[in-house]
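Notes follow once the structure below has been shown.
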Amino acid sequence: MAHNTVDPRRVELLLDRPDTEGPVVYWMSRDQRVRHNWALLFARFRAQSMRQPAAVVFTLAPSFAGASPAHYRFMLTGLREVEKDLEKLGIPFFLLFGEPAETLPGFLDEIGAGTLVTDYSPLNISRRWKSAVSQSIVIRFFEVDAHNIVPCRTASGKQEFAARTFRPKITALLGDFLTPFPENNLRQASFPHAPPDWIRAFDSVAGGSGSLPDAWPESGEKAAGARLGTFLANGLRNYADKRNDPNAGTVSHLSPYLHFGQISAQECALCALEADVPATSRQAFHEELIVRRELSDNYCRYNRHYDSYAGIPAWARESLEKHALDARYHLYGESEFAAALTHDGLWNAAQRELLATGTIHGYMRMYWAKKILEWSASPEEAFNTAVALNDRYALDGRDPNGYVGVAWSIGGVHDRPWFERPVFGKVRYMNAAGCARKFDVKSYIRRFSS
Ligand SMILES: Cc1cc2nc3c(=O)[nH]c(=O)nc-3n(C[C@H](O)[C@H](O)[C@H](O)COP(=O)(O)OP(=O)(O)OC[C@H]3O[C@@H](n4cnc5c(N)ncnc54)[C@H](O)[C@@H]3O)c2cc1C
């Protein structure tokens, strides 16, 4: 591939209009970073070839799938860094307030934009935004998959059944796509523009510009890079053997950065390739980061009901419904789960980890969701509770991985039928004894005891 192009399989033309002169505007949404960003690279290459300036715009919508003010604060802190880094390249950063379809078309007219570029997300809200914007603009509009290593629509044209059906498709394409990024550090001549109103931004959605919760990671592209460095130096080596032990400190904690697009999965995967670690650890990390993560985008792209009980496979729904009237020995509603008020110290510790740190260790996330199924009045209520809590409290929530994590745990998505048992039917069961076989449960509970 030529050095200053983006693989055409990464790019989809959302609105075909004749080329027009004027700035090439990248509407940044899911991929909030300057480096290793195929959508920004595409906008810059196009701007350079058309001898036009590039610009970046972010539309700050008042609500996004239950995100909390603290989530917005995390995001805005990262975007402030994006603005500064773009400034070094002479690229202006604009911040608009409101729904994209109400603000973006007017802005594009105002600056006389010639082309619009955006990044890719399979989530329904993003599709609605893009379709509404397409109906109100008159310039060419491209979408570039800057999130997946293998572009989602190239990896597969249908909803995949399981990781085992998806893995060979991804593996066959990795040679084409798991390649180093071109650098594009040329500074362009800037054009005059008003700076973003960060005070208004923090006040309107983030409850002011106060600090982030103590146990949360630092936000931004630099912090993300530092986290990756620490993981490569300390965690990755033991990833194959210890990733299911929440006390081992082996996992990467990259998910909030990947969710907000503050780091590129492709860059993480490339760095892991170069790390001096056992091949089994590298392979296990690639399995999660590439196959499992991109399988989540596949599910959300091809299953419009990805965030609801209606999306789960028929075998799981039939089996769960057959057991809908089974006795539940403990019953909780969303508010008791949210406040970590169950009878189970291990479950409460997981919920407290979520409340304090914004994530739960991956192994405990499965336990967390499966017990919500066991202790809710119905499987559908359990599904809704798990999605609501994950979206409300998880820093990496409101993400395809979150919807698929819940759908896997409660609805058997990407899994197979297991032995039938009460409440769970044929959906895979999990219990505290299983956790105790994997790690020191008491020590985990102590870490999140209050
Ligand atoms: C009920 C439930 C809810 C979940 N909610 C979320 C969520 O809101 N956001 C989120 O990003 N992940 C979610 N996951 C998937 C997974 O648990 C997290 O991605 C992982 O724990 C994040 O921690 P880490 O970055 O240290 O992961 P690592 O183990 O270091 O893995 C590296 C990266 O690989 C990806 N990955 C790891 N495990 C999975 C997986 N099982 N499925 C898909 N991708 C994976 C993630 O992007 C992760 O950051 C959920 C899983 C379950 C069972």
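Could you grab me the full set of residues in segment 208-225 that are within 13 Å of the ligand (Cβ to nearest atom) and within 18 Å of H361 (Cβ to Cβ)? Answer for segment 208-225, where residues must be within 13 Å of the ligand (Cβ to nearest atom) and within 18 Å of H361 (Cβ to Cβ): just P217. Checking each residue in segment 335-344 for being buried (at least 17 other Cβ atoms within 10 Å of the Cβ), more than 14 Å from the ligand (Cβ to nearest atom) and in a helix (DSSP H, G or I) picks out only A338. Of the helices (runs of 4 or more DSSP H) lying entirely inside segment 82-187, the ones with 2 or more residues being farther than 30 Å from A272 by Cα are found at 100-110, 124-134.
For A316, state whether it is within 13 Å of the ligand (Cβ to nearest atom) and surrounded by 20 or more Cβ atoms within 10 Å (Cβ to Cβ). Taking the combined requirement at face value, the residue does not satisfy it. Among the residues that make up segment 366-385, is at least one of them over 22 Å from P422 (Cβ atoms), touching a residue at least 12 places away in the same chain (Cβ under 8 Å), surrounded by fewer than 20 Cβ atoms within 10 Å (Cβ to Cβ) and not assigned by TED's automatic domain parsing to the domain that holds A284? Within segment 366-385, not a single residue is over 22 Å from P422 (Cβ atoms), touching a residue at least 12 places away in the same chain (Cβ under 8 Å), surrounded by fewer than 20 Cβ atoms within 10 Å (Cβ to Cβ) and not assigned by TED's automatic domain parsing to the domain that holds A284.
Of all residues assigned to segment 381-397, at least one qualifies as being among the hydrophobic types (A, V, I, L, M, F, W, C) and near the ligand (Cβ under 8 Å from one of its atoms). For the criterion of being of a type in the set (V, I, T) and in contact with a helix residue (DSSP H, G or I) (Cβ under 8 Å, 6 or more places away or on another chain), T118 passes. Across segment 371-411, the number of residues qualifying as of a type in the set (S, T, Y) and not in a loop (DSSP other than H, G, I, E, B) comes to 4. Of the helices (runs of 4 or more DSSP H) lying entirely inside segment 226-313, those containing at least 2 residues that are within 23 Å of Y393 (Cβ to Cβ) and near the ligand (Cβ under 10 Å from one of its atoms) span 255-259, 293-302.
The values are calculated or read from the model by the stated rules, or taken from the named source; none is laboratory data. All of these numbers come straight from a predicted model, not from anything done at the bench. When we count neighbours, we look across all protein chains shown, and the Cβ atoms used for this are built from the backbone with ideal geometry, even at glycine.
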